[in-house]
Amino acid sequence: MHDSFLRALHTQRPQLRQRWEELLREERVTSGMANPDSLVYLMDWTLDQLMNELRQSHYRRHLGRNETRGKQQQCVCGLNPLLAYFSAVEQAIIEILFLADGELSELSSIERGASLEDLKSALHEVARRDIDSFCAVCQSRERLEKKGPHKKFTVA
């Protein structure tokens with residue numbers, strides 16, 4: 001993870017949060033808990049968790065590594081409100097930090113690509129923990145697990 005990426009994530013946080021909320025409000029609401037008016041209160045906490053994850057030593061590597069990410073997040077019923085929540089933040093981060101000509105324009109394409117992969121790994125880990133925790137209390141889980149996973153969240 002390049003230091004300028006962490007700085008950009010910190011300085012662009014208000015724009016990132018705004019775009020994330022816009023994208024979240026465009027998602028189909030699958031339940032009362034998936035209401036964007038409720039989920040917006042989790043955004044700052046999630047961004048803090050992402051920053052903490054990115055500060056871990058295993059994200060502070062040199063270029064050239066090739067690691068695979070962990071398993072996909074699975075939701076048996078497909079109603080977990082965090083599925084859309086994490087998809088929206090991934091899209092917002094890519095739009096705000098990687099597609100815009102901003103603070104990261106000084107990085108080479110290799111450095112940008114490596115930072116994007118680190119971001120995806122960190123976001124995947126935060127999402128896995130949160131989605132798994134939410135699914136652990138789902139009343140439909142035990143009944144539907146026999147039928148197989150319905151919806152997956154993947155960090156592209």
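Miscellaneous remarks
- Selection status of Arg7, at pLDDT 85 or above, basic (Lys, Arg) and closer than 18 Å to Ala122 by Cα: no
- The listed residues are Ser31, Ser108, and the only one of them that is exposed (fewer than 15 other Cβ atoms within 10 Å of the Cβ), farther than 15 Å from Arg128 by Cα and modelled with pLDDT of 75 or more turns out to be Ser108.
- Cβ pairs under 9 Å, 6+ apart, first in the range 113-125 and free of Cβ contacts under 8 Å to residues at least 60 places away in the same chain, second acidic (Asp, Glu) and surrounded by fewer than 19 Cβ atoms within 10 Å (Cβ to Cβ): Glu117/Glu67
- Some residue of the range 67-84 being at pLDDT 85 or above and either of a type in the set (Phe, Trp, Tyr) or under 17 Å from Leu16 (Cα atoms) (or both): yes
- Filtered residues of the range 115-129 (kept if touching a strand residue (DSSP E or B) at 6+ places or on another chain (Cβ under 7 Å) and surrounded by fewer than 19 Cβ atoms within 10 Å (Cβ to Cβ)): none
The values are calculated or read from the model by the stated rules, or taken from the named source; none is laboratory data. Treat the numbers as computed from the prediction; the structure is a model and nothing was measured. Methodologically, a virtual Cβ is constructed for each residue, glycine included, from the backbone with ideal geometry; neighbour enumeration extends over all protein chains shown.
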